[in-house]
């Protein structure tokens, strides 16, 4: 047996001498059509635990930063096809029922589609296509049986999107009243108003959490939210939706605030329905990809501070992406935008388009600012190659079903990456038949390469295969990456004990170590 981890080390943190008051968190965003404001991973992290987790005080997620959570230890067989986890005893769900190995088995039966209960949308199913079964040995030992070796499998388990769910609560009930084992218990949800969680007095980590609770107040108008934050009504401003211009407003109105710019592993992506004429023509798809002036997107939408990258997040924040000089050699990634546009126009003219015969398209996207803004800029850039676009911004409940059934021409989406690892990115977005493979891209050659990199144990060799996949995806125009944005993050000086992660934006919100000096 190969022992992979034992008990985790407690982080070296400055801690409060006593329990502290609740954290007041302002969220300024539009209603997205799902109960006004949906539970996202940032909120769910506070209420749940994983088997293992990324160290909450290491900025860059990696295999080396994975520590125990509900599992106190884990090991692998010599073949790398069986991972056995020893579970903590005495852990309780928020409703008082005991946590056991059966809950782990139920969770992954649900995610892999084996359970009777079904998820309305299950994008994580593609993560676990290599998982054969989960077995239990008593109440406190569980084993994951893999079809083949997959060294990064444990990283999938550490993602903020891989919490353990209770067997005894249905997915329907979990959507509106989540029951977890985490440091905070769900209290109240008022759509478009507030979400409250309270300290879990029975939390299994001694002395945690420090906060009495967290209150998320939704204020749609950013100016109103900034004024409330500057007035000291809130301890923290929600990250991910704070643009750099808005961050500058906060600093001007609240100079005492601590702010930082955070790389965001949530790229903006171009979708082209490759099955629908005329977009079934690879030359047309190449012309559209060539017209992308990625730096213009960064300058206009990210205050000049985003990054150009491929499917994997670029360095230094990303661990697997190509450096700029290598990325620039990929098809459609050349830095000379006028030259690329000239090539794109030549292709369009060869296809019969020109100033007097333009192509009319509908650009479909989700009716949320992070989607709409790049869509508007895309429409403007497409004009340069004889394509006239009309924006179709649709509400979230219709957005996901629409792109899943390929009911669009051109679209813009964001890649909500659950972690910075090729297994997640490639299997979720590019593998044949994946639920989130919105463009319908399917290449047996690419699938074979994805499996090869997934089995590779040497990180350097794996990275070379990953870069080979990047080149293949660019050549095929599978799903062009437009750019990687950044986000502002601001909090009052009395807020302590939280580390912003640079490549795992959904993985650092447990907040069990956070506290307020007031």
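The values are calculated or read from the model by the stated rules, or taken from the named source; none is laboratory data. Computed from a predicted model, the values in this text were never measured in an experiment. Note: ideal-geometry Cβ built from the backbone for every residue, glycine included; neighbour counts use all protein chains shown.
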*Report yes if some residue within segment 337-347 is surrounded by 14 or more Cβ atoms within 10 Å (Cβ to Cβ), at pLDDT below 95 and in a helix (DSSP H, G or I); otherwise report no.*
no
*Might you check whether a residue that is touching a helix residue (DSSP H, G or I) at 6+ places or on another chain (Cβ under 6 Å), modelled with pLDDT of 95 or more and under 30 Å from residue 408 (Cα atoms) occurs anywhere in segment 243-265?*
no
_Flag if residue 461 is surrounded by fewer than 18 Cβ atoms within 10 Å (Cβ to Cβ) and either out of contact with any helix residue (DSSP H, G or I) (no Cβ under 8 Å at 6 or more places or on another chain) or without any contact (Cβ under 8 Å) to a residue 24 or more places away in the chain (or both)_ = yes
*Does segment 489-501 hold any residues that are surrounded by fewer than 22 Cβ atoms within 10 Å (Cβ to Cβ) and within 18 Å of the chain's Cα centre (by Cα), and which are they?*
489, 499, 500
*Is it true that some residue in segment 130-150 is part of a loop (DSSP other than H, G, I, E, B), over 26 Å from residue 81 (Cβ atoms), outside the structural domain of residue 211 (by TED's automatic domain parsing) and touching a residue at least 12 places away in the same chain (Cβ under 8 Å)?*
no
*Within segment 267-308, count every residue that is farther than 16 Å from residue 361 by Cα, out of contact with any strand residue (DSSP E or B) (no Cβ under 9 Å at 6 or more places or on another chain) and part of a loop (DSSP other than H, G, I, E, B).*
2
_Please return the ranges of helices (runs of 4 or more DSSP H) entirely within segment 163-260 where 2 or more residues are surrounded by fewer than 20 Cβ atoms within 10 Å (Cβ to Cβ) and not assigned by TED's automatic domain parsing to the domain that holds residue 511._
171-176
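For (1) in a loop (DSSP other than H, G, I, E, B); (2) over 25 Å from residue 198 (Cβ atoms); (3) more than 22 Å from the chain's Cα centre (by Cα), each residue gets a yes or a no:
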site	(1), (2), (3)
460	no, yes, yes
464	no, yes, yes
468	no, yes, yes
471	no, yes, yes
474	no, yes, no
479	yes, yes, no
487	no, yes, no
504	yes, yes, no
511	yes, no, no
*Exactly one of (1) out of contact with any helix residue (DSSP H, G or I) (no Cβ under 8 Å at 6 or more places or on another chain); (2) under 21 Å from residue 152 (Cβ atoms); (3) not assigned by TED's automatic domain parsing to the domain that holds residue 297 is unmet by residue 493. Its number?*
(2)
*asked:* Criterion first (closer than 21 Å to residue 435 by Cα and either assigned to a helix (DSSP H, G or I) or assigned by TED's automatic domain parsing to the domain that holds residue 204 (or both)) does residue 157 satisfy it?
replied: yes
*Having 3 or more residues that are crowded, with 23+ Cβ neighbours inside 10 Å and touching a residue at least 40 places away in the same chain (Cβ under 8 Å) is the bar; report the strands (runs of 3 or more DSSP E) wholly within segment 355-435 that clear it.*
359-366, 410-414
_What are the pairs with Cβ atoms under 8 angstrom where one residue, in segment 63-74, is within 17 Å of residue 423 (Cβ to Cβ) and the other, located anywhere, is in a helix (DSSP H, G or I)? Sequence gap at least six, or different chains._
63/154; 63/155; 66/154; 66/155; 66/158
